[in-house]
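Engineer: Structure below; questions to follow.
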Amino acid sequence: MSLTVRVITPDKIVWDEQVQEVILPSNTGQIGVLSGHAPLLTVLDIGVMRVRPEKEWVTIAVMGGFAEIEANQVKVLVNSAQLGNTIDKEGARSEYTTAQTSLDEATKSGNRQRQLQAEQTYKKARAKFQAAGGLL
């Protein structure tokens, strides 16, 4: 048996296919989903979602949202998402390095608001870089 997975953003459907397995980046850690999973509603963190349609894994950078699992269907509603194979790896590396430097500077400054904004930017850049295959 397989799962139907739909990744939906406000402006498009990023993924709508049958898969064997899903790993979701929830705000409490990663959640693995196989066919027959118990119903669940969870908050998703900024991170990398992984789906396995056949033998190979496909990565999707998700920028926070919700996932509903019910009756072998996984509906993922997120603010933004991008398939890993569509992300420019070198551009993502540059964005990640810049975000890491900005986070370090914001942390040293002691300005809490600046630090929170830098953390969000860093998490998004890290997710894109990971999805592109740059980080494990």
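Since every read-out is calculated from the coordinates, none of them should be taken as a lab result. All of these numbers come straight from a predicted model, not from anything done at the bench. Because the Cβ atoms are built from the backbone with ideal geometry, glycine has one as well, and the counts that use them run over all protein chains shown.
Engineer: Report the residue count in the stretch 1-15 for those that are over 16 Å from the mean Cα position of the chain (by Cα) and hydroxyl-bearing (Ser, Thr, Tyr).
Structural biologist: 2
Engineer: Considering only the stretch 1-33, state which residues are charged (D, E, K, R) and either touching a His at 6+ places or on another chain (Cβ under 6 Å) or in a strand (DSSP E or B) (or both). Walk me through it before giving the result.
Structural biologist: Keep residues of the stretch 1-33 that are charged (D, E, K, R), which gives 6, 11-12, 16-17, 21.
If the condition is that a residue be charged (D, E, K, R) and either touching a His at 6+ places or on another chain (Cβ under 6 Å) or in a strand (DSSP E or B) (or both), then ARG6, ASP16, GLU17, GLU21 are the ones that fit.
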